[in-house]
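The values are calculated or read from the model by the stated rules, or taken from the named source; none is laboratory data. All values derive from a computational prediction rather than experimental measurement. Positions of Cβ are backbone-derived with ideal geometry, glycine not excepted, and every protein chain shown enters the neighbour counts.
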Amino acid sequence: MSVLNIKKGSSAHSAYDLKDPNSMVIESHTLTILVDNEAGVLARVIGLFSGRGYNIESLTVAEINGEYHQSRITIVTTGTPQVIEQIKAQLGRIIPVHKVHDLTVEGPYVERELAMFKVSGTGDQRVEALRLADIFRANVVDSTLESFVFEMTGKSEKIDAFAELMRPLGLQETARTGVAAMARGA
Amino acid sequence: MERQMSGAKMIIQALKDQDVEVVFGYPGGAVLPIYDEIFLQNDIRHILVRHEQGALHAAEGYARSTGKPGVVLVTSGPGATNAVTGLTDALLDSIPLVVLTGQVPTFMIGNDAFQEADTVGITRPCTKHNWLVKDTNDLAATIHEGFHIATSGRPGPVLIDIPKDVQFADGTYTPPTDMAKNRYNPVVKGDIEKITALAELIERAEKPIFYTGGGVINSGVGASQLLRELTDATGIPITSTLMGLGAYPASGENWLGMLGMHGLYEANMAMHGSDLIICVGARFDDRITGRVEDFAPDANIVHIDIDPSSINKIIPADLAIIGDVGHVLEDLLKVWKSRGRKTNKPALKKWWGQIDEWKARKCLAYTQKGKIIKPQYALERLQALTQDMDRYITTEVGQHQMWAAQYLKFDEPNRLMTSGGLGTMGYGTPSSMGVQMAHPDSLVINIAGEGSWLMNMQEMGTAMQYRLRTKQFILNNERLGMVRQWQELLHNERYSETWQEALPDFVKLADAFGCKGIRVSDPDDLDDAIKDMLAYDGPVIFDCLVEKHENCFPMIPSGAPHNEMLMGDANTQDAIGDSGAVLV
């Protein structure tokens, strides 16, 4: 390839495989970040997002390897391609950050979220809630004569849909974990 | 070696093992055990500043003029919060600092104890990394890791917060040699394929230019040498940011001068007209690029930087080489030579012809007439009278800073200490003390405005105590000149709060501190006054009364591209639109 004929903003020679760095289209990306589980590491990651004006749509974090004291943070964020590249590069500068994966560009991946819903009601409403829960494969983890607590895991869209259906049936409380995600295959 | 010792002793031992010679600091309750250990030894010198901000800037001056990390020791609470400006300054200019702060005892953390502040919380966004050490056994290893992180990769400030009980408690000392493999190891070698692609671009480019920055200086003296060799061998014109001045000599054949908002006409025009911009250790700051949409419309952009987050942040790079500038330039030179040392000579000749036309515009011209000293004239005379001396320059922030960059000549790296990224007024005085500590026999001059200088003038006490012979060269226009200039250009000459009424008498102030004061207001007396200043063996406060309404030109108005510069003689009214006004 003739190096002098590089198109402006072309990705061929960039540090990262940019699609079109000048695009203003807002994209959603799921990032997983492997960090040392030490004091303040979550504050560093979150502070980066708030300090530089990036978005956090969802965030989960827990220790995944007690022996090496490592945690995995999953963040769903939105921005233009240039902003997404900046977010990844800035995350890479944080000393306790070991790896940043952009699952959205790295290939197929699965993402799941866990949610709990408290729905109260009697009579037909109560029956309908239970029937819908069955369709959505939500489990009943607590019940009284006037209420259920449903638990379900799935993609965020499925949880959104279920929450929408529960609203007229007496939805009282919602708790969601945010997205955990992992690349498919070995 | 006895490896069991108190935390306080461990700190001193760790600093010794890191070859620290000087610590800038200010004592307080939460660091008493460390100061006790300082009292009991003679290897490390402690410089007592007059304000913690001064300690940070002094350490920055020390670091930037030596290439070694600057070390600071301050107490908890207000000691730590006063360090925040210096930490941010060092972060933006990539200066390696290791800052040790005292903290209230671990069992009192969170109680709103006396002089307690959440130091690691407050300084998290303004350090490269920071730690709260809760166990004396971790202390030495943390300090060693701190030095490693501050000085490797893109340098920056680190902070280690040490509670008082950790200083008192005994623990096991870990020498640097026993450190486990470090978790922070940035890439320093560039991708050889990309370097080859750059060599190919250099061979063919018709209008190439080197745009260099502070990264060259941070990479070490060797990197500057390689840059000089490459520039001279290829005959490519070179410009630099404020932070990069001196990496390529101002007396060098290919030198175009500084670029950017107050850069030289020829440098900015060459950037705009170029077909190949080779950015070496610079970061496309907004003071450099002007309007991003119109930045160098015809150029291929090559970006060499050790920090991947600098790439594509502002200007998309067509070719990005991640690595240490010194390593990349070394490989680039090798590859380019092995390919036959080719350049596009006929095109380069034409390019230089064009550049010479721009140079002929003489953008720094000014007229010194009458009985009032023009600030440009004062700096030109200072340059003429000091050019053969072993000279270091620090600056404050404002018009004088830009004039210093335009009219003083820097032929070596590490000779200009200035607050580029953060623009910290009050940087220069303490910074000049740090430089003088590192280079006791050299001439150190702080180019200042009277506004900036007053911000940290208490450090004259430090200069007197340690006999630091720095010269405080104040271009006194009795105005906050840069702000006043903007008010003239875009707020219809409504000079809101840019006149400091009741300035002190700087000569009497010098008397009060016990140093020498010199005032000059007549251009005919200027040379003799400067010679007096240079001849005096001690600190001098030099009050140079200059033209009060001089503006700093050339200038790219905010929101304009490189080829729309305002020149000193141009009609400057209404040159900046409303959209530019917000970018000031």
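Which helices (runs of 4 or more DSSP H) sit wholly inside the range B:1-108 and have at least 3 residues that are among the small types (Gly, Ala, Ser)?
B:7-17, B:52-66
From the list B:219, B:251, B:224, exactly one residue is touching a residue at least 24 places away in the same chain (Cβ under 8 Å) and touching a His at 6+ places or on another chain (Cβ under 9 Å). Which is it?
Of the residues listed, the single one that is touching a residue at least 24 places away in the same chain (Cβ under 8 Å) and touching a His at 6+ places or on another chain (Cβ under 9 Å) is B:219.
Quick one: would you say residue A:86 is assigned by TED's automatic domain parsing to the domain that holds residue A:26 and either assigned to a helix (DSSP H, G or I) or of a type outside the set (Gly, Ala, Ser) (or both)?
Considered against the rule, which asks whether it is assigned by TED's automatic domain parsing to the domain that holds residue A:26 and either assigned to a helix (DSSP H, G or I) or of a type outside the set (Gly, Ala, Ser) (or both), residue A:86 comes out as yes.
Determine which single condition residue B:469 fails, assuming it passes every other condition in (1) in contact (Cβ under 8 Å) with a residue 40 or more places away in the chain; (2) assigned to a helix (DSSP H, G or I); (3) surrounded by 14 or more Cβ atoms within 10 Å (Cβ to Cβ).
For residue B:469, the exception is condition (2).
Let's see how each residue does on (1) more than 12 Å from residue A:31 (Cβ to Cβ); (2) surrounded by 16 or more Cβ atoms within 10 Å (Cβ to Cβ); (3) modelled with pLDDT under 95; (4) touching a His at 6+ places or on another chain (Cβ under 9 Å):
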site: A:75; (1), (2), (3), (4): no, yes, no, yes
site: A:82; (1), (2), (3), (4): yes, yes, yes, no
site: A:87; (1), (2), (3), (4): no, yes, no, yes
site: A:90; (1), (2), (3), (4): no, yes, no, no
site: A:94; (1), (2), (3), (4): yes, yes, no, yes
site: A:102; (1), (2), (3), (4): no, yes, no, yes
site: A:108; (1), (2), (3), (4): yes, no, no, no
site: A:147; (1), (2), (3), (4): yes, yes, no, no
site: A:150; (1), (2), (3), (4): yes, yes, no, no
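Do we have residue B:329 as out of contact with any Phe, Trp or Tyr (no Cβ under 8 Å at 6 or more places or on another chain), within 13 Å of residue B:198 (Cβ to Cβ) and more than 10 Å from chain A (Cβ to nearest Cβ) here?
So residue B:329 passes the test.
So which residues in the range A:160-186 are within 28 Å of residue A:105 (Cα to Cα) and in contact with a Lys or Arg (Cβ under 8 Å, 6 or more places away or on another chain), if there are any at all?
A:179, A:180, A:181
Sort out which residues of the range A:111-137 are within 28 Å of residue A:184 (Cα to Cα) and without any contact (Cβ under 8 Å) to a residue 12 or more places away in the chain, and write them in order of number.
If the condition is that a residue be within 28 Å of residue A:184 (Cα to Cα) and without any contact (Cβ under 8 Å) to a residue 12 or more places away in the chain, then A:134, A:135 are the ones that fit.
Hey, any hits in the range B:122-136 for a residue that's touching a Cys at 6+ places or on another chain (Cβ under 9 Å) and within 13 Å of another protein chain (Cβ to nearest Cβ)?
No, because not a single residue in the range B:122-136 is touching a Cys at 6+ places or on another chain (Cβ under 9 Å) and within 13 Å of another protein chain (Cβ to nearest Cβ).
Can you say whether residue B:135 is buried (at least 21 other Cβ atoms within 10 Å of the Cβ) and in contact (Cβ under 8 Å) with a residue 24 or more places away in the chain, as far as the supplied structure shows?
Considered against the rule, which asks whether it is buried (at least 21 other Cβ atoms within 10 Å of the Cβ) and in contact (Cβ under 8 Å) with a residue 24 or more places away in the chain, residue B:135 comes out as no.
Kindly indicate which of B:110, B:67 is over 14 Å from residue B:156 (Cβ atoms) and in contact (Cβ under 8 Å) with a residue 40 or more places away in the chain.
Result: B:67 is the single residue among B:110, B:67 that is over 14 Å from residue B:156 (Cβ atoms) and in contact (Cβ under 8 Å) with a residue 40 or more places away in the chain.
I need the full set of residues from the range A:43-63 which are surrounded by 15 or more Cβ atoms within 10 Å (Cβ to Cβ) and out of contact with any helix residue (DSSP H, G or I) (no Cβ under 8 Å at 6 or more places or on another chain), in order please.
A:46, A:60
In the range B:262-281, which residues are buried (at least 24 other Cβ atoms within 10 Å of the Cβ) and either modelled with pLDDT under 95 or assigned to a loop (DSSP other than H, G, I, E, B) (or both)?
B:263, B:264, B:274, B:281 - these are the residues of the range B:262-281 that are buried (at least 24 other Cβ atoms within 10 Å of the Cβ) and either modelled with pLDDT under 95 or assigned to a loop (DSSP other than H, G, I, E, B) (or both).
Go through the range B:489-513 and report how many residues are out of contact with any helix residue (DSSP H, G or I) (no Cβ under 7 Å at 6 or more places or on another chain), within 30 Å of residue B:467 (Cα to Cα) and not basic (Lys, Arg).
9
Would you confirm, using the coordinates I've provided, whether residue B:159 is within 29 Å of the chain's Cα centre (by Cα) and in a helix (DSSP H, G or I)?
So residue B:159 does not fit the description; no.
Among the residues of the range B:113-125, are any at negative phi, surrounded by fewer than 23 Cβ atoms within 10 Å (Cβ to Cβ) and of a type in the set (Ser, Thr, Tyr)?
No, the range B:113-125 contains no residue that is at negative phi, surrounded by fewer than 23 Cβ atoms within 10 Å (Cβ to Cβ) and of a type in the set (Ser, Thr, Tyr).
So if I check each of A:53, A:9, A:47, which one is in a loop (DSSP other than H, G, I, E, B), among the small types (Gly, Ala, Ser) and at pLDDT 90 or above?
A:53
Could you check, for the range B:383-396, whether at least one of its residues is over 22 Å from residue B:477 (Cβ atoms), crowded, with 19+ Cβ neighbours inside 10 Å and of a type in the set (Asp, Glu)?
Within the range B:383-396, not a single residue is over 22 Å from residue B:477 (Cβ atoms), crowded, with 19+ Cβ neighbours inside 10 Å and of a type in the set (Asp, Glu).
Would you pick out the residues in the range B:498-538 that are without any contact (Cβ under 8 Å) to a residue 60 or more places away in the chain, of a type in the set (A, V, I, L, M, F, W, C) and part of a helix (DSSP H, G or I)?
Passing the criteria: B:506, B:507, B:509, B:510, B:512, B:513, B:529, B:535.
Answer yes or no: is there a residue in the range B:353-364 that is surrounded by fewer than 21 Cβ atoms within 10 Å (Cβ to Cβ) and acidic (Asp, Glu).
yes
Specify which of the listed residues (B:479, B:494) is more than 29 Å from residue B:389 (Cα to Cα) and buried (at least 19 other Cβ atoms within 10 Å of the Cβ).
On inspection, the qualifying residue turns out to be B:479.
Pairs under 8 Å by beta carbon, first residue assigned to a loop (DSSP other than H, G, I, E, B) in the range B:328-339, partner of a type in the set (A, V, I, L, M), six or more apart or different chains?
Listed pairs, sorted by first residue: B:339/B:199.
Among the residues that make up the range B:385-400, is at least one of them modelled with pLDDT under 95, at positive phi and outside the structural domain of residue B:201 (by TED's automatic domain parsing)?
The answer is no, given that none of the residues of the range B:385-400 is modelled with pLDDT under 95, at positive phi and outside the structural domain of residue B:201 (by TED's automatic domain parsing).
With the checklist (1) more than 23 Å from residue B:318 (Cβ to Cβ); (2) of a type outside the set (Lys, Arg); (3) within 25 Å of the chain's Cα centre (by Cα) in hand, flag the one item residue B:138 doesn't pass.
Going through (1) more than 23 Å from residue B:318 (Cβ to Cβ); (2) of a type outside the set (Lys, Arg); (3) within 25 Å of the chain's Cα centre (by Cα) one by one, residue B:138 breaks only (3).
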